[in-house]
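The values are calculated or read from the model by the stated rules, or taken from the named source; none is laboratory data. Because the structure is a prediction, the values reported are computed rather than measured. Every residue, glycine as well, gets a Cβ built from its backbone with ideal geometry; the counts of neighbours run over all protein chains shown.
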Amino acid sequence: MSINEHPGEVRPAPDWWIYRGTGRPIHDIQVADLLPPPPPWRNFRGGPLPAHDAPPDDDQDADRRLGVEFHLAERHVDPHEVDMVNAALYLRRPLLVTGRPGVGKSSLAYRIARELRLGRVLRWSITSQTTLKMGLYEYDAIGRAQAAATVAARRGLDGDDPMEPLPQIGEYIRLGRLGTAFLPSRLPRVLLIDELDKSEADLPNDLLSIFEDGDFLIPELERMRHHTREVTVHTADPGMTATIVDGRVRCRAFPMTIITSNGEREFPAAFLRRCLRLEIKDPNPEQLAAMVANHMLDPHGEHRDRLVADFVTRSATNDGLPADRLLEAVYLATSGAYRANDEAWQRLIDALWRRLNPHLVP
């Protein structure tokens, strides 16, 4: 089916939807003005709010992942997916997103950020070595000690010169992506916790406290709060700093948190209780065609519709294929590699679209 066809009547979006699922940015209004107050048990009052209370620019991450055009329409989106994103916004709860590799779980975070104009996505990629503290902050104690020793040595050499100040502790603390997402702000940040099922067993349980309380402590700053209440530290946003009071980071707007999982493990019941859950389905032909058009590939549809149909058939017989393999095939076709009934092209497609499951026999 061509993306330009309009099958049937588009279902009106429910009045309570803020996010519509198209990735098309809203204008002339901010999500903070659209959202109702949080439930009393999810009301966070962190501060102080920064003087410049606006999320950092996207830095083209969304363009790379979603494309620069807006061909995805409301008729293409899964209403259940949009329901669950809006429920997470209303309830200030994390959204645990499952589905096969390549169906667009991570892209959902960038679509939300672009559509609601929430700025740069804070992507925390999880590995088997990831700990909670790595996501919250890091403190370079060795670097600070070396800098202090250098200053002390210079003071000893040049006693007549004005006293050079010792390095401030905030210069050696940098908030991680998780910690930055919980800084106080009027607008929620979009936090992507990517592939949580790769983590060690303890990490999901370690996340429970910050998900429930919306704050965390930096002990190195908490210990000096009696003589230095406010400390400026670096954040995970390039070139940005934040002021921490009494060593504690407290959120005001709970971040729009997308947690992705490939379904490779079971999570603890206590963790699941604090999340809403969404399973993303394989994209249908219309959604795939819209994705290709968003990336400005094959604007006249010369190869798109045929490749979309072939991709859907091949995906169904190969236990699923990642959608970016379709983009790569269309790009190669529009770059001149495609020749109808060409054996070399078929070999190339076979190599691009081979099944991902190592347990299945080719």
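Numbers at a glance
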item	result
Glu220 vs. criteria under 15 Å from Pro94 (Cβ atoms), surrounded by 15 or more Cβ atoms within 10 Å (Cβ to Cβ) and either touching a strand residue (DSSP E or B) at 6+ places or on another chain (Cβ under 8 Å) or not β-branched (Val, Ile, Thr) (or both)	no
Helices (runs of 4 or more DSSP H) wholly inside the range 59-165 containing at least 3 residues that are over 19 Å from the mean Cα position of the chain (by Cα)	141-157
Checking Ala148 against (1) modelled with pLDDT of 95 or more; (2) more than 30 Å from Phe44 (Cα to Cα), the condition it does not meet	(1)
Unmet criterion (only one of (1) more than 30 Å from Ser261 (Cβ to Cβ); (2) at pLDDT below 95) for Ile173	(2)
One residue from Arg354, Arg314, Arg325, Arg252 being out of contact with any Phe, Trp or Tyr (no Cβ under 8 Å at 6 or more places or on another chain) and among the basic types (Lys, Arg)	Arg354
Residue within the range 314-336 that is among the aromatic types (Phe, Trp, Tyr) and surrounded by 20 or more Cβ atoms within 10 Å (Cβ to Cβ) present	no
Residue among Arg42, Arg75, Arg92, Arg64 that alone is without any contact (Cβ under 8 Å) to a residue 60 or more places away in the chain and either surrounded by fewer than 20 Cβ atoms within 10 Å (Cβ to Cβ) or not acidic (Asp, Glu) (or both)	Arg64
Qualifying helices (runs of 4 or more DSSP H) (wholly inside the range 195-272; at least 1 residues being at pLDDT 95 or above and more than 30 Å from Gln168 (Cα to Cα))	203-206, 208-213
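Okay, residues lined up against (1) of a type outside the set (D, E, K, R); (2) touching a Lys or Arg at 6+ places or on another chain (Cβ under 7 Å); (3) modelled with pLDDT of 95 or more; (4) more than 30 Å from Glu286 (Cα to Cα):
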{"residue": "Ala51", "(1), (2), (3), (4)": "yes, no, no, yes"}
{"residue": "Asp58", "(1), (2), (3), (4)": "no, yes, no, no"}
{"residue": "Leu66", "(1), (2), (3), (4)": "yes, yes, no, no"}
{"residue": "His76", "(1), (2), (3), (4)": "yes, no, no, no"}
{"residue": "Val85", "(1), (2), (3), (4)": "yes, no, yes, no"}
{"residue": "Gly104", "(1), (2), (3), (4)": "yes, no, no, no"}
{"residue": "Trp124", "(1), (2), (3), (4)": "yes, yes, yes, yes"}
{"residue": "Thr130", "(1), (2), (3), (4)": "yes, no, yes, yes"}
